[in-house]
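Working notes for the structure below.
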């Protein structure tokens, strides 16, 4: 137990509000805001860079899209923690309420974060059962360009706005819109003296 300005809080920095809803202790909100801002800012920076690289046809575009998805996946853990028990579940529930996110959010996709967090293991598994047929390390182009079944390490289909890595496909635009929504709310909290507003 800890004593902060006369208020008792548990070791996770959570308390029960008058409505009996678990929330982050106000003095601790700034830590979450700063931590999440790092990932939302990094994700959006990678997104902006990727769009410029795509415009000029630079192959490093795939690197920036992967960077964008990696930071988006890290951001998602604040809302949907891997460990579904207090205080982690309390924090997730509170932040989902603050940011008005539900289970339909594209950020909830577990594969989104697991693919990049455990890319080494995913690559091991992919190569263990090496795909038969046409295998391409990288591809950027129209999905209709391919006339035969193909497998990719990384690919981006410009006509679908879909990024594929090791067989997992992600619709990019909905994820970017959700990250931007979260980022704007974080900036608002930053300007509000490092406090969330419901």
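The values are calculated or read from the model by the stated rules, or taken from the named source; none is laboratory data. Quick caveat, the model's predicted, so the values are computed rather than measured. Ideal geometry is used to build each Cβ from the backbone, glycine not excepted, and the neighbour counts take in all protein chains shown.
Answer with yes or no whether residue 131 is in contact with a strand residue (DSSP E or B) (Cβ under 7 Å, 6 or more places away or on another chain), more than 22 Å from residue 196 (Cα to Cα), modelled with pLDDT under 90 and assigned to a loop (DSSP other than H, G, I, E, B). Yes: the conditions hold for residue 131. Report yes if some residue within the stretch 44-51 is under 12 Å from the mean Cα position of the chain (by Cα), surrounded by 15 or more Cβ atoms within 10 Å (Cβ to Cβ) and either more than 20 Å from residue 158 (Cα to Cα) or touching a residue at least 24 places away in the same chain (Cβ under 8 Å) (or both); otherwise report no. Within the stretch 44-51, one or more residues are under 12 Å from the mean Cα position of the chain (by Cα), surrounded by 15 or more Cβ atoms within 10 Å (Cβ to Cβ) and either more than 20 Å from residue 158 (Cα to Cα) or touching a residue at least 24 places away in the same chain (Cβ under 8 Å) (or both).
Residue count for the stretch 170-182 under the criterion of being assigned to a strand (DSSP E or B) and exposed (fewer than 13 other Cβ atoms within 10 Å of the Cβ): the result is 0. Is the stretch 56-72 home to any residue that is more than 21 Å from residue 165 (Cβ to Cβ), touching a residue at least 60 places away in the same chain (Cβ under 8 Å), over 12 Å from the mean Cα position of the chain (by Cα) and surrounded by 13 or more Cβ atoms within 10 Å (Cβ to Cβ)? Scanning the stretch 56-72 turns up no residue that is more than 21 Å from residue 165 (Cβ to Cβ), touching a residue at least 60 places away in the same chain (Cβ under 8 Å), over 12 Å from the mean Cα position of the chain (by Cα) and surrounded by 13 or more Cβ atoms within 10 Å (Cβ to Cβ).
In the stretch 144-163, the count of residues that are within 17 Å of residue 79 (Cβ to Cβ) and modelled with pLDDT under 95 is zero.
The set of residues in the stretch 75-109 that are under 29 Å from residue 154 (Cα atoms), in contact (Cβ under 8 Å) with a residue 40 or more places away in the chain and not in a loop (DSSP other than H, G, I, E, B) comprises 75, 78, 106, 107. The number of residues in the stretch 186-198 that are assigned to a helix (DSSP H, G or I) and surrounded by fewer than 20 Cβ atoms within 10 Å (Cβ to Cβ) comes to 4.
Checking each residue in the stretch 134-159 for being surrounded by 15 or more Cβ atoms within 10 Å (Cβ to Cβ) and in a loop (DSSP other than H, G, I, E, B) picks out only 146. Elements of the type strands (runs of 3 or more DSSP E) sitting completely within the stretch 1-58 and holding at least 2 residues that are modelled with pLDDT of 95 or more and closer than 26 Å to residue 90 by Cβ: there are none. For the stretch 116-128, give me each residue that is modelled with pLDDT under 85 and surrounded by 12 or more Cβ atoms within 10 Å (Cβ to Cβ). Passing the criteria: 116, 117, 126.
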